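**Q** The structure follows.
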Amino acid sequence: AQKVTQAQTEISVVEKEDVTLDCVYETRDTTYYLFWYKQPPSGELVFLIRRNSFDEQNEISGRYSWNFQKSTSSFNFTITASQVVDSAVYFCALGGSTLGRLYFGRGTQLTVWP
Amino acid sequence: DAEITQSPRHKITETGRQVTLACHQTWNHNNMFWYRQDLGHGLRLIHYSYGVQDTNKGEVSDGYSVSRSNTEDLPLTLESAASSQTSVYFCASSSDRTGGYTFGSGTRLTVV
């Protein structure tokens, strides 16, 4: 069965702190995709990253970084030097090789206080 | 630029009425999806389509229907709206050829 678990329901940090959002997935597929989306208070889903199961290289984009570890079925997301504008709900999602339906975690509400 | 648009953005309707939410994409994606978002549940799949004339049920399909008569559109119909269908609805489209997966801006539906 396909499943995504985001165990952290809510996280609060103070500005400039680093924060890591956890994502653990289950799949029997050998080829799959992992996604992270940001949902700010305005409600839209903002695409952050898509990672192919064959590419385990960690990725960094500005203050954002992602750690993909197939051995532990995890795809964690770290924000370095958090800012108030990072406050949002973050979703991790799992998709198959044909990019059909996505399986979403329940989301992590991140609040960054000034 | 290619895009995916949902309409209306907000809708209030009464229990028992039929409601249709529109989704239109110009990405020329074969795959289209409808998800609903509820607090504590993330996004759950309602219906999806992998091409014209193809429709499939997702995990929360009761009370909803879709039809796919062309590549661009996948309207979602609530046959008889219920208060339990108050939610935010997202349409999405994807293509395994391009690797793209795009969401619309969402429709907030309130059933009173």
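**Q** With an 8 Å Cα cut-off and a minimum separation of 6 or more residues, compute the relative contact order for chain A in percent.
**A** 38
**Q** Note down the relative contact order for region A:1-61 as a percent, whole number, built from C-alpha pairs under 8 angstrom at least six residues apart.
**A** So the answer I get is 27 percent.
**Q** Note the per residue figure in Å³ for the convex hull of the C-alpha positions in chain A.
**A** Looking at chain A, the number lands at 95 Å³ per residue.
**Q** Given 25 °C and 0.890 mPa s, how large is the Stokes-Einstein diffusion coefficient of region A:1-48 in µm²/s, with Rh as the Kirkwood radius over Cα pairs?
**A** Estimated diffusion coefficient is 184 µm²/s.
**Q** Over the residues of chain B, compute the C-alpha Rg and express it relative to 2.2 N^0.38 Å. Don't skip to the end; give the middle numbers.
**A** On the way: Rg = 13.2 Å, N = 112, 2.2 N^0.38 = 13.2 Å.
Working it through for chain B, the quotient is 1.00.
**Q** Kindly give the semi-axes, whole Å and largest first, of the ellipsoid equivalent to the protein assembly as shown, taking each as the square root of 5 times a Cα gyration tensor eigenvalue.
**A** Semi-axes (√(5λ), whole Å): 30, 21, 15.
**Q** So how long is each side of region A:21-66 along the principal axes, counting just the alpha-carbon atoms, biggest first, in Å?
**A** Principal extents (largest minus smallest coordinate, Cα): 36, 22, 16 Å.
**Q** Given Cα pairs under 8 Å that are at least 6 residues apart, what percent is the relative contact order of region B:1-77? Write down the numbers at each step before the final one.
**A** Working: 141 pairs, mean separation 21.8, N = 77.
Reported as a whole number, the value is 28 percent.
**Q** Also, I was wondering about something else. Working out 0.36 nm times the residue gap between B:SER69 and B:ILE12, then minus their Cα-Cα distance, what length gain in nm do you get to one decimal?
**A** Fully extending the segment from B:SER69 to B:ILE12 adds 17.8 nm.
**Q** Which semi-axis lengths, in whole Å and largest first, follow from the square roots of five times the eigenvalues of the Cα gyration tensor of region A:51-98?
**A** Semi-axes (√(5λ), whole Å): 22, 13, 9.
**Q** For region A:1-90, state which trypsin sites (Lys or Arg not before Pro) are in a DSSP loop and have at most 11 other beta carbons lying within 10 Å of their beta carbon.
**A** Of the trypsin sites (Lys or Arg not before Pro), the ones in loops of region A:1-90 whose Cβ has at most 11 other Cβ atoms within 10 Å are A:LYS16, A:ARG28.
A short reminder: the numbers here are calculations on the coordinates, not readings from a lab. Small disclaimer: the values here were computed from a predicted structure and weren't measured. All Cβ positions, glycine included, derive from the backbone under ideal geometry; neighbour counts span all protein chains shown.
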